[in-house]
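Below is one structure, written out as structure tokens, with a few remarks after it.
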Amino acid sequence: MSIVGVEVESGEELMSVVIDSPDTAPYLKKGNKVNVLFKEMEVAVTTQKELDISIENRIAGSISSMEEGVLLSRLVLETKMGEVIAIISTKSLRQMGLVEKMNVMIMVKLNEIILAP
Amino acid sequence: MISLNLKKTLKSAGGKIDLNLQLTIEKGQFVTLFGESGAGKTSTLRMLSGLLRPDSGTIKVGETIWFDSHKNIDLKPQQRKVGYVFQDYALFPNMSVRQNLEYALQKNQDRTIIGELLEFAELGELEQRKPETLSGGQKQRVALVRALVQRPEILILDEPLSALDLKMRIKLQEYLLQVHKKYNLTTILVSHDIGEIVKLSDRVYELQNGSVIKKGTTTDFFGLNKTSAKFRFSGEVLKIQREDVLYVISVLIGNDIIKVVADRTEANNFKIGDQVLVASKAFNPIIQKI
């Protein structure tokens, strides 16, 4: 098992835990390019900049558009890494008072990040 | 090791193609020839088994030369140790199951193999039946063991399961794997079913217009190794349904239908019938005893 740090083009670092190690997967080599994938449903959104929580990956962004559904809502977030989509409950969206252009932090746990060499 | 170096001009309804093919297959491997109809897959297998004569080239199996156009060597089909299973079974309708197998015996061959194969294929109770009274799966089991009567080294499976329903196909896939291992065969499959290919074969060769255009281990060939995700399956898209702000994609994997939630940017890329890879991190699924 390995925890892999990936530097994204914009300079941020993302972390992923994978079952492979450099012995079992040759692509796990310093300097090697990988794509980073995660599911929209796994993206958490907070309005607090410094949150004491065990979620390793945090990226600052702003809400560029919102689609409010009955149960779930789809947020398109502008970040340094590019566009990130987050699906959160409409209940959370309302409770947090999220609106377009708002600055937020998005968070993804390290076990949700897939690496694609 | 099987080394093929074949040239042949093929004429078909779709026009003329110049087959020019180099292929090496390691002994004991289960490989698939993949590609569109008319790419030359079946012609290649017919040349290997001696049913079609190449215009030029060589066929070498282990240390034996089966065909060499320069040295004028061309072993007859019955001298080549190849078992051939066709999609349409090709059983003799007027013969019983046992007679169909016995017909494949060579002169002076020990007959005990027939009983052994009937038992292995669980066909003992059906041995006196005529093919027309059997189900598709039973017929294909007879065709398969008939191909094994002469104890071949190479087993050729030309779309053997495509006429069967899904349940029978899955059962016979297991059975093909058993046969491949038990009889130490080098097996060459022609199939269009990616799930089936992934399940059965070690390597895949893609043919187009009579040449190999892509080859690799099965996982590399279909890009299954291209993510770190360990919880992965291949299947076919059955349904794409919008739910609230998301889409739910139903995928048939083996006998099971699973559902995957997708964002619209992904859902727009899929259509019903697409072959897809479904993957998740090994960290995410729960596991429970049943």
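The values are calculated or read from the model by the stated rules, or taken from the named source; none is laboratory data. It should be emphasised that the depicted structure is a prediction, and the values quoted were computed from it without experimental measurement. Heads up, the Cβs are rebuilt from the backbone with ideal geometry, glycines too, and the neighbour counts pull from every protein chain shown. We work out accessible area using only protein heavy atoms, side chains counted, and drop any ligands, DNA or RNA first. Shrake-Rupley method; radii C 1.70, N 1.55, O 1.52, S 1.80 Å.
Taking B:ASP263, B:ASP274, B:ASP244 in turn, the Gaussian network model of chain B (Cα-Cα springs below 10 Å) assigns the largest fluctuation to B:ASP244. Ligands, DNA and RNA are left out, and with a 1.4 angstrom probe the accessible area of region B:230-277 is 59 Å² per residue. Element breakdown for chain B at a 1.4 angstrom probe: carbon and sulfur atoms account for 48% of the accessible area.
In whole Å, what is the distance between the alpha-carbon centres of region B:67-85 and region B:1-63? Comparing the Cα centres of region B:67-85 and region B:1-63, I get a distance of 13 Å.
Between region B:114-157 and region A:1-80, the alpha-carbon centres lie 54 Å apart. Using a Förster radius of 45 Å, what is the FRET efficiency between A:ALA116 and A:MET66 based on their Cβ-Cβ separation? Nearest 0.05, please. Efficiency, from the Cβ-Cβ distance: 0.95. What distance in nm lies between label points placed 7 Å from Cα along the C-beta direction at B:ILE258 and B:LYS182? About 3.0 nm separates the two model spin labels.
What's the longest uninterrupted piece of chain A once you rule out the trypsin sites (Lys or Arg not before Pro) that are loop residues per DSSP with at most 11 other Cβ within 10 Å? Within chain A, the longest run free of exposed trypsin sites (Lys or Arg not before Pro) spans A:50-100.
Largest accessible area first, the residues B:GLU63, B:GLU127, B:GLU116 order themselves as B:GLU63, B:GLU116, B:GLU127 under a 1.4 Å probe with ligands, DNA and RNA left out. Helical runs (DSSP H, four residues minimum) scored at -39500 (n - 2.57) apiece and divided by the length of chain B put the mean residue ellipticity at 222 nm at -6500 deg cm²/dmol.
Calculated from the alpha-carbon coordinates, region B:1-150 shows an Rg and a Dmax of 17.5, 50 Å respectively.
Straight-line cross-link partners of B:LYS71 among the lysines, defined as a Cα under 22 Å from its Cα and at least 8 positions apart when in the same chain: B:LYS7, B:LYS8, B:LYS60, B:LYS81. The contact residues of region A:7-32, meaning those that lose at least 50 Å² of 1.4 Å-probe accessible area when all protein chains sit together rather than their chain alone, are A:ILE19. Once each of the trypsin sites (Lys or Arg not before Pro) sitting in a DSSP loop with at most 12 other beta-carbon atoms within 10 Å is removed, chain B keeps B:112-270 as its longest stretch. For chain B, the spread of Cα positions along the three principal axes, ordered from largest to smallest, is 70, 48, 37 Å.
Per residue, region B:29-138 exposes 55 Å² of solvent-accessible protein surface, assessed with a 1.4 angstrom probe and all protein chains in place. Scanning chain A for GluC sites (Glu not before Pro) in DSSP loops with at most 14 neighbouring Cβ atoms within 10 Å leaves A:51-99 as the longest stretch between them. Convex hull volume of the C-alpha atoms in chain A, normalised per residue: 104 Å³.
For region B:231-280, the Kirkwood hydrodynamic radius from C-alpha pairs, put into Stokes-Einstein at 20 °C and a viscosity of 1.002 mPa s, yields a diffusion coefficient of 199 µm² per second.
Solvent-accessible surface (1.4 Å probe) assigned to B:ASP110 amounts to roughly 100 Å². Applying the Kirkwood pairwise sum to the alpha-carbon positions of the protein assembly as shown produces a hydrodynamic radius of 25.1 angstrom. Beyond 20 Å in Cα-Cα separation lie the following of the pairs A:LYS39/A:LYS80; B:LYS27/B:LYS167; A:LYS109/B:LYS271: B:LYS27/B:LYS167; A:LYS109/B:LYS271.
Under 18 Å of direct C-alpha separation, and excluding same-chain neighbours fewer than eight residues apart, B:LYS11 reaches these lysines: B:LYS41.
With the simple model of a label 7 Å out from the Cα in the direction of the Cβ, B:ILE73 to A:ILE55 spans 6.8 nm. Using a 1.4 Å probe over protein heavy atoms, the accessible area lost on pairing B with A, summed over both chains, comes to approximately 1800 Å².
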